[in-house]
Amino acid sequence: MPKILVFGKTGQLASCLAKCGDEFPSAELVFVGRDECDLEDARQIEPVINRVQPDIVINAAAYTAVDLAEEQRDIAFKVNRDAVRAMAEALAKRSVPLIHVSTDYVFDGQASKPYTEQDPVSPLGVYGESKYAGEVAVREANEKHLIVRTSWVFSPFGKNFVKTMLHLMALRDEIRVVNDQTGCPTSAHDLARAIMKLCEMAVAKDFDKFGTYHLSSDQPQTWFEFANHIQKVGSQVWGAEWKGTNCRITPVPSSEYPTVAERPKYSVMSSQRFVDAFAIQLPTVEESLSAVIENLPREKFDA
C-alpha cells in the first residue's frame, strides 16, 4: 500500500484527490495544508516529509494568483520555486518520487499548434516565471520526478470559471465572455484520477518514465466557447427551468477585460506523450462538465 503525501488541502486538485481516494483503496493519502506546513517557509517541508515517511509525494499546492503575483513576486517564487526545490531535495535523499503539477502559463501563447513538451518556454508574467522556475528546481534536484503541466482547471471546489459562469448566467440576461484566448479546459477530478494512477505506477522499482508531461483535455476552445458548453450542459443537467438557460452569451476581445498580468492567447497543449506513455485518456469536456455540475446544488446557481 503506497503512502502518498499531498502538499495542499483545500485547492481544487487536492480536494479532488481526497474525493477520488475511495477509488484507490490500496493507497493511503496524507494531506498537509498551510496550517501544518507554510510553503512560504521552505524550512518547514523536510520535517513534514520525515514525519510522514511517504512512498511518493504529490505537490498540489501553488501560488496561483496570476495578477497579484505581479506585485508579490517574492511570495510567488517562495511557494512555486523555493518550496518545490526543498521538496525535491528532501525526497531525493530518500529516493522518493515527486509528482509536481505545473501550468500552461509557462508558454507565451504565440504558437498556432498545440505545444509539446519539447517546445521552448517563455512565460509572460511572474506566475508563469515562478512555475517554470519550480520545474527547473525539480529537474535539478530529483531525477525521480513527474512534472505534469495542465490548464484551465475546473471542479466543484473553490473558485473557477465554471462556477463563476453558472452563477452569472442565472443572475443576468447577458454575459460578455472573452473570445480571443484559446486553451483546454480540464477537470480537476480527471486530473486527480490520472495522477493517482501515476502514483501506483511510479512507486514500482522498475518505473522508467520519469520526466515532463502535458495533461489536459484534447478539446481546444475559447473562453466564450467554453461558456457556451457550460450553459448547454447546465441546462441538460438542471433542466430547462434553470434560470441560466436563457442567458445571452456575447463574445468580446480580451481588451474589454484588461488584467494586470498578460495571459497567453493560445495555450493549447498536446497530451499525446502522456497518453502514449501511460495509456490514460481523459474524458471529454462535456462528460467532465456533467460530472461537475451534477455535484453542484442548483439552488446556489439559480438566482
Practice prompt. Residues being surrounded by 15 or more Cβ atoms within 10 Å (Cβ to Cβ) and more than 14 Å from residue 61 (Cα to Cα): count how many of those fall in the stretch 19-43.
Written response: 7
Worksheet item: How many of the residues making up the stretch 114-135 are surrounded by fewer than 21 Cβ atoms within 10 Å (Cβ to Cβ), in contact (Cβ under 8 Å) with a residue 24 or more places away in the chain, of a type in the set (A, V, I, L, M, F, W, C) and more than 11 Å from residue 102 (Cα to Cα)?
Response: 1
Discussion item. Could you list, ordered by first residue, the pairs with Cβ atoms under 6 Å in which the first is in the stretch 43-60 and closer than 13 Å to residue 203 by Cβ and the second is in a strand (DSSP E or B) and not β-branched (Val, Ile, Thr), at least 6 apart or interchain?
Written reply: 54/3; 54/5; 55/3; 57/5; 57/98
Fill in: helices (runs of 4 or more DSSP H) enclosed by the stretch 126-211 - at least 3 residues per element that are within 20 Å of the chain's Cα centre (by Cα) and farther than 21 Å from residue 4 by Cβ
126-141, 161-171
Discussion item. Can you tell me which of (1) in contact with a helix residue (DSSP H, G or I) (Cβ under 9 Å, 6 or more places away or on another chain); (2) surrounded by 16 or more Cβ atoms within 10 Å (Cβ to Cβ); (3) touching a residue at least 12 places away in the same chain (Cβ under 8 Å); (4) not charged (D, E, K, R) is the one residue 211 doesn't meet?
Written reply: (2)
Item to complete: Would you be able to tell me the number of residues in the stretch 19-52 that are under 19 Å from residue 94 (Cβ atoms), at pLDDT 95 or above and under 21 Å from the mean Cα position of the chain (by Cα)?
Response: 3
Worksheet entry | residue 162 being aliphatic (A, V, I, L, M), at pLDDT 95 or above and in contact with a strand residue (DSSP E or B) (Cβ under 8 Å, 6 or more places away or on another chain) | yes
Worksheet entry | Options 149, 94, 139; residue that is at pLDDT 95 or above, of a type in the set (Lys, Arg) and surrounded by 19 or more Cβ atoms within 10 Å (Cβ to Cβ) | 149
Worksheet item: Is there a residue in the stretch 109-125 that is of a type in the set (A, V, I, L, M, F, W, C) and in contact with a Leu (Cβ under 9 Å, 6 or more places away or on another chain)?
Response: no
Worksheet item: Among the residues of the stretch 97-113, which ones are acidic (Asp, Glu) and surrounded by 21 or more Cβ atoms within 10 Å (Cβ to Cβ)?
Response: 104
Discussion item. Residues that are in contact with a strand residue (DSSP E or B) (Cβ under 9 Å, 6 or more places away or on another chain), crowded, with 18+ Cβ neighbours inside 10 Å, over 25 Å from residue 196 (Cβ atoms) and not basic (Lys, Arg): does the stretch 74-90 have at least one?
Written reply: no
Discussion item. Any residue that is within 19 Å of residue 33 (Cβ to Cβ), within 20 Å of the chain's Cα centre (by Cα) and not acidic (Asp, Glu) - is there at least one of those in the stretch 101-119?
Written reply: yes
Discussion item. Residue under question is residue 250, and the condition is that it be more than 21 Å from the chain's Cα centre (by Cα), of a type in the set (S, T, N, Q), at pLDDT 95 or above and surrounded by fewer than 21 Cβ atoms within 10 Å (Cβ to Cβ); does it hold?
Written reply: yes
Worksheet, complete the sentence: Taking the stretch 271-295 and keeping only residues that are in a loop (DSSP other than H, G, I, E, B) and either in contact with a strand residue (DSSP E or B) (Cβ under 6 Å, 6 or more places away or on another chain) or surrounded by fewer than 17 Cβ atoms within 10 Å (Cβ to Cβ) (or both), one is left with 271, 279, 280, 281, 283, 284, 295
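The values are calculated or read from the model by the stated rules, or taken from the named source; none is laboratory data. From a predicted model like this one, the values you see are computed outputs, not experimental measurements. Note: ideal-geometry Cβ built from the backbone for every residue, glycine included; neighbour counts use all protein chains shown.
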